1. Ordered by packing density, taken as the mean number of other Cβ atoms within 10 Å over each peptide's residues, highest first, how do 639-646, 181-188, 561-568 rank?
2. Rank the residues Y621, Y244, Y418, Y320 as a footprinting-exposure proxy: fewest other Cβ atoms within 10 Å of their Cβ go first.
3. Using θ = phi - 60° and the Karplus curve 6.51 cos²θ - 1.76 cosθ + 1.60, what whole-Hz ³J(HN,Hα) does each residue of region 256-261 get, with Gly and Pro shown as x?
4. Put a dot 7 Å past each Cα toward the Cβ at E511 and K375; how far apart are the dots in nm?
5. Label points 7 Å out from Cα along the Cβ direction at K250 and Y418: separation in nm?
6. How charged is the neighbourhood of W460? Take every other residue with its Cβ under 13 Å from the Cβ of W460, and add Lys/Arg as +1 and Asp/Glu as -1.
7. Determine, for each peptide in 467-479, 213-225, the mean count of other beta carbons within 10 angstrom over its residues, then list the peptides with the highest first.
8. How would you rank I590, I426, going from fewest to most other Cβ atoms within 10 Å of each one's own Cβ?
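What follows draws every value from the coordinates through simple rules; no lab data is involved. Note that this is a predicted model, so its numbers are computed, not measured. Reconstructed Cβ throughout: ideal geometry from the backbone, glycine too, with neighbour counts over all protein chains shown.
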Amino acid sequence: MHLRYPLTLRPLFTTMTTQTLLRSSPFPPLKTPPSSQRHRFPHHRPFFTVFCSKPISRNPPSPLRTNGYHGGASHASIPRPVQLETTPVEKHVELQFNILKKKLDAVGMETGICVPGQYNHLLCPKCLGGDQEERSLSLYIAPDGGSAAWVCFRAKCGWKGSTQAFAGRSSSTSQVTPVQKKREITVEELQLEPLCNELLAYFSERLISKETLERNAVRQRTYHDQIVIAFTYRRNGALVSCKYRDINKKFWQEENTEKIFYGLDDIVGQSDIIIVEGEMDKLAMEEAGFFNCVSVPDGAPPSVSSKELPSPDQDKKYQYLWNCKDELKQATRVILATDGDSPGQALAEELARRIGKEKCWRVRWPKKGSSDNCKDANEVLMYLGPDALKEAIENAELYPIRGLFNFRDYFDEIDAYYYQTLGYEIGIPTGWNNLNDLYNVVPGELTIVTGVPNSGKSEWIDALLCNLNEIAGWKFALCSMENKVREHARKLLEKHLKKPFFNVRYGENVERMSVEEFEQGKLWLSDTFSLIRCEDDSLPNINWVLNLAKAAVLRHGVRGLVIDPYNELDHQRPPNQTETEYVSQLLTLIKRFAQHHGCHVWFVAHPRQLHNWVGGPPNLYDISGSAHFINKCDNGIVIHRNRDPEAGPIDQVQVCVRKVRNKVAGTIGDAMLLYNRVTGEYTAADIENPAVKKSPSARNR
C-alpha cells in the first residue's frame, strides 16, 4: 500500500474507514475539535489519496472495553495497522510541527487538540477566559505546521502574537513571552518560626500586641545570618505569599508568588473596607478595633501616573487589586487610609481611579504636635493612642471627584461673602452716583454692551475702567480691534488726566496735558493695561484671546478684560453648527474664563441693521447673531447717545441697564450721563427725566 500526497502539503485527517491505517503515521495524533470550536473553510479542507493492493475491509474494528475484551473481540480480530511510508518532506513537516507545539506549550497553550490549517479555539493563558472561562483565544497554525498566530477576543485581554518553528522564515513574528505559573509555598518550605521575645518587644514599642500578631500569623525567619520579620499573605487561610522586613526597614517578597492584599481574609463579605499602605498600619488598625482592613503589598508610587489606566492584565503594579476584585466589588465604601506624604496621596489617587472614586473615602491624619501631622496609622496609634486613630477613621471624608463638590468645600468663601472680608463682594461702584444703584462691577461676571454705531460704547467702557482703577486699583487687558494703539492711549490719558491730549479749540481755550503729566500718564498706562493684539493681518479667535488674557491675569494681576467688538473676531464654525449654537459655545467659554480667574469681562456686540429706526435705544435682543447674548450674560447694558437737540443736550448719554442677574449688584433701569468732548469724561447728569428714571418695580428687583 502506498500513500500519495498532493504537491501542496496538507495535514492528515482521520476518517472512520482510515482511522486504523493512520495509527502508524509518523505524525502525532491530531484530534478534530468539536464543530462549535472550529471554522470550516473549503479552501483549507485537507485530503489524501490511498492506493491499495488489496481491498480494505469496510467492517469497523470491534469495540474495546477498559476492563478487557468482550463480545467476541480478540487480539486476532483486531486489524493490524498498515505501515505507511514517509518521505523526507513529511518528516520535515512533522519535525517543525512538533517544535512549534513545544513553543506554544511553553506560553501555556494546550495544543493537544490543535489542527494545522484551521482556527483553533483555546483557553487564553493570559486571562484564563475571565469569570466564565471562555475559550476566547483563536489560534491559527499554518498548513505546513511551521508558524502560528493567535489573538484573544476578550475585550479586557486582547493578547496577541505569533511565532514560528524555525528562525529565519519570511512570516512576521513577535517575541513569545512564557507565562509563568505562580509558585506555591508552605510554612515548612520557608522555615517560618514564631516571633522571638526581641521582636515581640519591637512590636510592643509600636503598641502592637502579641494577640494581634498571632491573629495575623506574623512570623520570623533566619535570612543570611539575621532574623527578619515575615508577614504572611493568606487567602482562605492558605499561604499565598510572604513579605520580609529586616532591622534596616528593607523589604522584599517571595518571588513569583501571587500578589494579593495583606489581610485579605479580613475583608471577605465586608461592606466597609479600609486600605492602608503598610503591614504595620494594618496591625495598628486592629488595635483601634478595625479588623476590616488590608494593606497593599508593594507600597506607594512616587507620583500619580499621567497615562490612561491600562487593562487589568497589563496593570502589573496594581495586580493585587485585580486578583481581589470580587472582595472589592461587594464593598459599598472603601476608606483610603494611606500615608499623608506625597507618595501616599499618589497611592490613594491610583487606588481610587481603579476602584471608583464614587465609593471611596479618604482619611486626614491628625496633628501629633504643634504643627506636623502624623504620617500614617501606626504613628497616630503611637503618639495619640487608639481612640485618636478610631476618630480619624470615623471622620473620613468623601474622596474628591473633579467637578463634583459640596457646599462644605466653599464655606470659607461663603463666610467671606457674608462678613464682607474680601472687599467688594457685592460689586465695585462705577464712579457715577446715579448709576451705582443700577450696576456694580462684580469679579467673575460677563457684561454685554451694545448700542447703535457712534453711541459711545467704547468711550463709556474706557471711562468705566479709569474709574475702577482709581477706586479699586484694578488692572485690565484690552482686546480692542477697532482702536489704533496711539488713539486708544490718547483717549485713556485724557480721561485719566482730565486734560486734552492736543491743543484743540472746542469753543473755549483748554490747556493740554503737560510733558510731565504726559510722562506720568505713560507710566500709568504701562502699569494699568495689557494689550491683546494680532501682530499680523489675521483675525484673532476667541481661544487665542482667552489664552492671552489668562497669561495677563497670572503675570500682571489683571482683573478686567475688554473684548471690543464681537464682529472683529474670527468666527469659523463647523458646517454642521448653527450660529446660535456657536454663540452659545463662545459665551460659555468666556463665562468659564471669567469665573475661574475672578476676572470681569466686557464684551461689545453691535446690533443688527435696524429697519425703520426712529432714534430710540435698541433692545438687547437686537444684537446681531443670537438671542444667547442676552440669555447667557450676567449683565446687559445698552449705551445710547442723544441725537435730537429737542430731546435734550446733544452730549447726553443714556445708560440702559437691561439685565442684572445678581440682584445684590444692581437692577434694571436707566441713568443719564453727560459726555465731555474735550477730555472724554462722563459725569452724572442732574436732569430729572421720568422717562429714563428706573421704575419702582425695577427698583425692587
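1. Result, highest mean first: 561-568, 639-646, 181-188.
2. With the fewest neighbours first, Y621, Y244, Y418, Y320 line up as Y418, Y621, Y244, Y320.
3. Result, ordered by residue: 6, 10, 5, 8, 9, 5 Hz.
4. If labels sit at K375 and E511, their model points lie 7.3 nm apart.
5. For the pair K250/Y418, the computed spacing is 5.8 nm.
6. Taking every Cβ under 13 Å from that of W460, the sum is -1.
7. With the highest mean Cβ count within 10 Å placed first, the list reads 467-479, 213-225.
8. I426, I590
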